[in-house]
Amino acid sequence: MTAPVRVLVCDDQPLIRTGFSTIIDAQPDLEVVGECGDGRAAIELTRQVNPDIVVMDVRMPVLDGIEATRRLAGAGVSQPVKVLVVTTFNLDEYVYEALRAGASGFLLKDAPPQQLLHGIRTVASGAALLAPEVTRQLVGRYAARIRPAESTPEEPALTPRELEVLRLIADGLSNSEIAASLVISQETVKTYVSRILTKLDLRDRVQAVVYAYRRGLVT
């Protein structure tokens, strides 16, 4: 039997923290291994309980979620932890910073429970997650700043099909949704996604979305 995904919940509002934990712990494949109310506690608790993923609020006392994410998942961290940021629309500037800090995914705080669970499982599996609403309203707005313009002698050449897949990724579609849209198998989609990330030297789907917006492939 596969061990459950170990989740640390960090939010300064006890009601939200308890609600998330209750939803997560009710799943046989997920396990809450700790709760805390600020970023510094999240870092300390992560060292103690070694979670697979941290569900992180943005605005918290002592140390905010952005800096905590940077210290847990940012560039140069020897053993980075996957971080799923939860936020609200009026905090989009903070989410932009969290993206740069190394977050693997974003969800809105008012997302339904199933979306939260899907987000945790997606990020824990090694994929990246951007809710379609966040993709369109947040990443599109800040794409030019997330990936500063730099002169490159030649853009990597993507095939027409790879460009098609990249645009669907940027629209927030999952692999299964892309497969259904293009009438191909999920394994084929995975191959295309892997090829796109390799060709463009991108870390994950989050960066692929940013790249697509930055290059004007989607608007």
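Sorted by packing (mean other beta-carbon atoms within 10 Å per residue), highest first, where do 16-27, 205-216 land?
Taking the mean over residues of other Cβ atoms within 10 Å, the ranking is 205-216, 16-27.
Mind giving me the FRET efficiency for A157 and T18? R0 is 35 Å, r the Cβ-Cβ distance, nearest 0.05 is fine.
0.10
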So for the stretch 151-214, averaging the separation of alpha carbon pairs under 8 Å that are six or more residues apart and normalising by length, what relative contact order in percent results?
41
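Taking the Cα centre of the stretch 151-214 as origin, sum charge times position over the Cβ atoms of Lys and Arg (+1) and Asp and Glu (-1), and report the length of that vector in debye to the nearest 20.
It works out to roughly 80 debye.
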With the contact rule set at Cα under 8 Å and sequence spacing of 6 or more, what percent relative contact order holds for the stretch 1-57?
50
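Values quoted throughout were computed directly from the atomic coordinates according to the rules given, and no laboratory measurement underlies them. The shown structure was predicted, so the numbers you read here are calculated from the model rather than taken from an experiment. Quick reminder, even Gly has a Cβ in these numbers, built from the backbone with ideal geometry, and neighbours come from all protein chains shown.
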